[in-house]
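Below is one structure, written out as structure tokens, with a few remarks after it.
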Amino acid sequence: MLITFTRRRAAPLLAALLLAATLRAPAFAAGPESFAPMIRRVLPAVVNIRVTETVAAEDPFAFLPPELRQQFRDRFQAHKERMQGAGSGFIIDPSGYIVTNNHVVGSADQITVALRDGSELPAHVVGTDDLTDIALIKVDAPGPLPAVVWGDSRSVEVGDWVIAAGNPFGLGGSISAGIVSARGRDIGAGPFDDFIQLDAPINPGNSGGPVFNEQGQVIGVDTAIASPTGASVGIGFAIPAEIASRIVAELRAHGRIDRGWLGVSVEDTGDDQHPGVPGALIGAVERGGPALRAGLRAGDIVTTVNGQPVDSARGLIRQIAQAPPGSVVRLDVRRQGRDVQLSVTVGHRPSGQG
């Protein structure tokens, strides 16, 4: 009788427990059944890029004594070698504007773009930016080309689906899918590092390729991987569209990027001498630079730029870089325990400086 009673009571009790567990369980959105419809729409705008550049070969007369070496160099011109490379890109305008990485085309003598249909077109560089590793190139096509649009990378969250497209290992157009692993990554590539980290496989040849969201909008540009072997281990980095699109627009309009510059070396605060003081510590002031002319000194701590708080040395560099050269910015400075306000006329960032 006990067994019979237990069995009769168990079924409704078990059902009630399962119902309660179901009500408490978090709801997870189902993944896409297939990316194929979206890929068919956007993949024709993804291109392969081949580049050829001339590099200096090793000196064939290095073994000669110094007094003879120059004679042979004058008699025989220095030998040059041709080096080929490959990368990826994507068309953002039917008239033939293509986005890629600066490290793909920045030193190229010749650029050839291969379209999805197999046709090839010569390209020229419109402009490049070494600090964000963005380049804009242009082809002259006989008719309108398929193009993709920028998405809002600011709305991308960790865990979102992403699709990386490009030309891995020179095999031709290919895609890989994964998720966003992290936001705001600083990998030491430059003062404007703010990468989206992906686990979608990115391999050599993917450089400059687009990263799509599920709607087929470009939310990033493949630019780097972390790998001990040179191949993908599931840690890739993309330049967010909010940065890339601004750089591309300026390159298209002016062919170059003009950034503001102070002429200082900076470091983060936080040592024993500056406890609890947020901002950027001025380490040195360059002779003849905008900062020196404005009265900024080594040891000053810049706390705000035009009223906006400075949270780090990198933050100060970014805030000044966004100021148009020739404009005047107001700096709030902490100097030997006193608050000082300075006005600085921002200079042009010299080539090759951060």
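The values are calculated or read from the model by the stated rules, or taken from the named source; none is laboratory data. Since the structure is predicted, the reported quantities are computational estimates derived from the model, not experimental observations. With ideal geometry, Cβ positions are generated from the backbone for all residues, glycine too; neighbour counts draw on all protein chains shown.
Among the criteria (1) farther than 30 Å from I320 by Cα; (2) out of contact with any helix residue (DSSP H, G or I) (no Cβ under 9 Å at 6 or more places or on another chain); (3) among the hydrophobic types (A, V, I, L, M, F, W, C); (4) assigned to a strand (DSSP E or B), the one I175 does not fulfil is (2). For the range 199-234, a residue qualifies if it is of a type in the set (A, V, I, L, M) and modelled with pLDDT of 95 or more, and the qualifying residues are V211, V218, I219, V221. The C-beta contact set for the range 322-343 (first residue at positive phi, second residue in a strand (DSSP E or B), distance under 8 angstrom, 6+ apart or interchain) comprises G326/T345.
If the condition is being part of a loop (DSSP other than H, G, I, E, B) and out of contact with any helix residue (DSSP H, G or I) (no Cβ under 8 Å at 6 or more places or on another chain), then the range 205-216 contributes G209, N213. Does at least one position in the range 296-305 carry a residue that is surrounded by fewer than 13 Cβ atoms within 10 Å (Cβ to Cβ), small (G, A, S) and more than 31 Å from the chain's Cα centre (by Cα)? Scanning the range 296-305, I find at least one residue that is surrounded by fewer than 13 Cβ atoms within 10 Å (Cβ to Cβ), small (G, A, S) and more than 31 Å from the chain's Cα centre (by Cα), so the answer is yes. Residues in the range 113-164 that are over 21 Å from R252 (Cβ atoms) and of a type outside the set (D, E, K, R): A114, G118, S119, P142, S155, V156, V158, G159, W161, V162, I163, A164. Figure legend. Inter-residue proximity from the range 295-318: first residues in the same structural domain as F192 (by TED's automatic domain parsing), second residues surrounded by 15 or more Cβ atoms within 10 Å (Cβ to Cβ) and in a loop (DSSP other than H, G, I, E, B), beta-carbon distance below 7 Å, spacing 6+ or different chains. No pairs are indicated.
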